[in-house]
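The values are calculated or read from the model by the stated rules, or taken from the named source; none is laboratory data. This structure is a prediction, so every number in the text was calculated from the model and none was measured. Ideal geometry is used to build each Cβ from the backbone, glycine not excepted, and the neighbour counts take in all protein chains shown.
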């Protein structure tokens, strides 16, 4: 389970690139739409041409998804020399696809593949880095990258005889992966066409299951957040072939112009169903939950609690990052989180029943507006107005439900338990301590907030020697320690490192850092590398 969580958190590295590029494509689609921009959107005009150029750049990550995942995973999963692991992973993936290209070019009919067909569409073929190959989408990319990362972690430091020492390190890893890729390519050429047929059947089942499928998807996506396994629920839908070949998100972005110009019901023409609507839970539920927590705090604590909740709620609503808010009550009263998942799944299923569909409503308000409301509001305003009305209704449902339960069971939320208000340390105390230890010469890292947090967290985790491994997801630092008994109390991390919270599961420690967690993790890696 630890390995699965680590793998799930590593997938967030490439995924974090998609919202920005999605917004770029959404805005370009909007500004090229004649129904919105009028004469400015004339295809022969400079305005249209400029936005076409910008849109071409916006397609970078969607057209190269496989390579993005192949490159992104080693950054988090390689235990040493991640840059060299990236190189090995890319070489392994390209080799794998070159082998498939050769196999199908010679024996395509034997594997039931018409390799003479054009790549794309329903052919099951795709061009990756100029290589015509089977379209294994991100599943193939992740699988091959994972294999090469494992080889890198195991054999990168392998000592070879002096006569062949030139092949040590990355060349040795690439040599082993080369030998493995040939049989893997044969196996994939045989298996994947059958998988593609199965995926087509799965798509039909999911779309035909309608409300049950939509409700179950969103319930699982939310309820699995504490385990880190929610990535495995939405990723095959968003970027993989679970419901639309090539991924629902790229499909939605590709057809934005078409959808913005039609008056047909989106539900009738979009094949992705009501999946990937979880951003509505982030936008609307967060407001109701935060308001309930604020109103149930003690009157003399509301100002302080309100300031904390405002920042967390804005992060959830606009950026779609809900952990700072959700984890506030998750480990105090887990049943509240279960109720949250039930209500959230019910809300989006009702929205779907009223006609709401999308391939890109997984993030916050910024992403949803840029790739849904703004480009499509002109011809589909009725659906989005209904979406907002249902969302507002559920804000009140969430508020009254959470307020009732917090008061009924006297749940010790922030501002309700005096014992959680004690301040044990201040950041200034720590900085002064570090400065004093530098023998009169101040370390530059003291003035660097990321490096300071890295020092704080490492000391709180029991020092460098107590770290087994470390990675991160979108907002959390995930650490495995040797001895959990020497990890400092939660207040230390909150007061000195401005952490939003700490989650403990024996030797597995999660520190909720916020959106700056990649930079903090990089600073920690630098310290760990210096001490190796």
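Might you let me know whether segment 484-494 holds any residue that is crowded, with 22+ Cβ neighbours inside 10 Å, within 20 Å of the chain's Cα centre (by Cα) and not assigned by TED's automatic domain parsing to the domain that holds residue 78? It would help to see each step written out before you state the result.
The initial filter retains those residues of segment 484-494 that are crowded, with 22+ Cβ neighbours inside 10 Å, namely 493.
Keeping just the survivors that are within 20 Å of the chain's Cα centre (by Cα) gives none.
Scanning segment 484-494, I find no residue that is crowded, with 22+ Cβ neighbours inside 10 Å, within 20 Å of the chain's Cα centre (by Cα) and not assigned by TED's automatic domain parsing to the domain that holds residue 78, so the answer is no.
Looking at 521, 478, which is the one that is within 19 Å of the chain's Cα centre (by Cα) and in a helix (DSSP H, G or I)?
521
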Task: Members of segment 320-354 that are in contact with a strand residue (DSSP E or B) (Cβ under 7 Å, 6 or more places away or on another chain) and at pLDDT 80 or above - done: none
Task: Residue selected from segment 72-86 under the condition part of a helix (DSSP H, G or I) and over 15 Å from the mean Cα position of the chain (by Cα), by the criterion nearest to residue 14 (Cα to Cα) - done: 74
